[in-house]
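Okay, structure first, notes after.
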């Protein structure tokens with residue numbers, strides 16, 4: 001039984017001027033500002049100095065998911081533009097599904113103008129068709145089919161656009177293909193970047209290692225739900241989006257060996273905390289590999305060690321070398337962190353699930369952090385500045 005906290009999202013409102021939301025990145029990734037919050041005190045430096053401020057022998061965990069060009073533009077017979085944002089395939093990996101036919105959950109712009117059975121994009125080499133299978137409010141089920149041996153990911157690379165967040169108020173250009181992507185991105189599947197990682201360069205990563213820290217990776221494919229505000233009067237009534245994640249056995253073993261786990265970004269944090277609750281589910285006989293929204297508030301006596309060892313035992317029993325699962329975990333004030341000791345993250349929108357996650361980590365001190373950032377002209381959201389938060 002979960003004990004869902006009673007929280008009013010209006011308690012997590014602050015004034016964010018539009019001038020603090022850049023629609024372009026800085027010329028160099030690692031010269032962004034870095035706010036350092038450590039046990040109540042705040043300092044400011046540049047992001048390239050991050051390695052010097054990490055706790056001794058930390059394990060930094062990165063989300064290696066890669067943004068796919070998931071926005072497609074179709075024309076109806078009457079000339080109307082139908083914009084389709086591909087959110088999630090019915091399979092697990094975008095690049096390994098049947099190479100001629102695939103169903104996706106999508107957001108459709110101008111849906112009311114979609115009257116015909118099929119929409120088509122025709123090129124010299126192939127035709128991509130889209131059929132609307134199910135209207136579902138914010139998300140619709142669409143069947144894509146094409147007459148070439150290319151995978152759907154290859155189709156998207158040819159026809160699609162990078163889906164920038166709506167608050168940037170512009171279309172993606174060629175520069176976004178590089179800059180709205182982390183330097184370590186390797187697993188295609190996200191429709192939004194894990195933006196905390198956008199500040200890292202190869203030089204910063206090498207300095208982290210040379211300073212005695214360890215690096216690990218998880219994969220969580222970021223969905224468009226990350227931009228959705230909390231519209232309900234109570235946080236408990238907000239429906240969290242579900243996202244695919246995977247974690248290798250080797251990383252679980254590293255986590256067991258390390259007491260300073262610092263995720264890079266909220267997606268990495270949600271993945272690591274989901275891992276703990278997945279172990280609890282398996283321990284209790286639930287092997288459906290889904291972490292539900294409020295699983296983090298279910299009472300449990302399991303320690304981190306016991307939960308992760310349960311997962312390792314399960315992996316051995318099932319002859320697997322990685323966890324493949326889904327999560328809709330929601331981390332809000334009152335949550336007890338089981339794996340993470342801090343976070344590297346950007347600055348988030350007011351009244352969002354992400355600001356609630358930060359408040360869960362820092363308590364009321366989140367306001368002190370955000371007031372400092374606003375007073376010292378930090379940039380916010382995806383192409384904004386960064387912070388290292390160590391409660």
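The values are calculated or read from the model by the stated rules, or taken from the named source; none is laboratory data. All of these numbers come straight from a predicted model, not from anything done at the bench. Note: ideal-geometry Cβ built from the backbone for every residue, glycine included; neighbour counts use all protein chains shown.
Taken over the range 97-152, the criterion of being in contact with a strand residue (DSSP E or B) (Cβ under 6 Å, 6 or more places away or on another chain), surrounded by fewer than 12 Cβ atoms within 10 Å (Cβ to Cβ) and either not assigned by TED's automatic domain parsing to the domain that holds residue 79 or not in a strand (DSSP E or B) (or both) is satisfied by 147 alone.
Scanning the range 155-178 for residues that are assigned to a helix (DSSP H, G or I), farther than 14 Å from residue 198 by Cβ and touching a residue at least 12 places away in the same chain (Cβ under 8 Å) gives 155, 156, 157, 158, 159, 166, 167. A residue that is in a helix (DSSP H, G or I), closer than 13 Å to residue 327 by Cβ and more than 13 Å from the chain's Cα centre (by Cα) can be found somewhere in the range 293-301.
The one condition from (1) within 30 Å of residue 177 (Cβ to Cβ); (2) outside the structural domain of residue 329 (by TED's automatic domain parsing) that residue 4 does not meet is (1).
Every listed requirement among (1) outside any helix (DSSP H, G or I); (2) crowded, with 19+ Cβ neighbours inside 10 Å; (3) at pLDDT below 95 is met by residue 218 save one, (3). Is the range 362-382 home to any residue that is closer than 19 Å to residue 222 by Cβ, in contact with a strand residue (DSSP E or B) (Cβ under 6 Å, 6 or more places away or on another chain) and assigned by TED's automatic domain parsing to the domain that holds residue 18? No, there is no match, as no residue in the range 362-382 is closer than 19 Å to residue 222 by Cβ, in contact with a strand residue (DSSP E or B) (Cβ under 6 Å, 6 or more places away or on another chain) and assigned by TED's automatic domain parsing to the domain that holds residue 18. Among the residues making up the range 227-267, those that are out of contact with any strand residue (DSSP E or B) (no Cβ under 9 Å at 6 or more places or on another chain) and free of Cβ contacts under 8 Å to residues at least 12 places away in the same chain are 231, 237.
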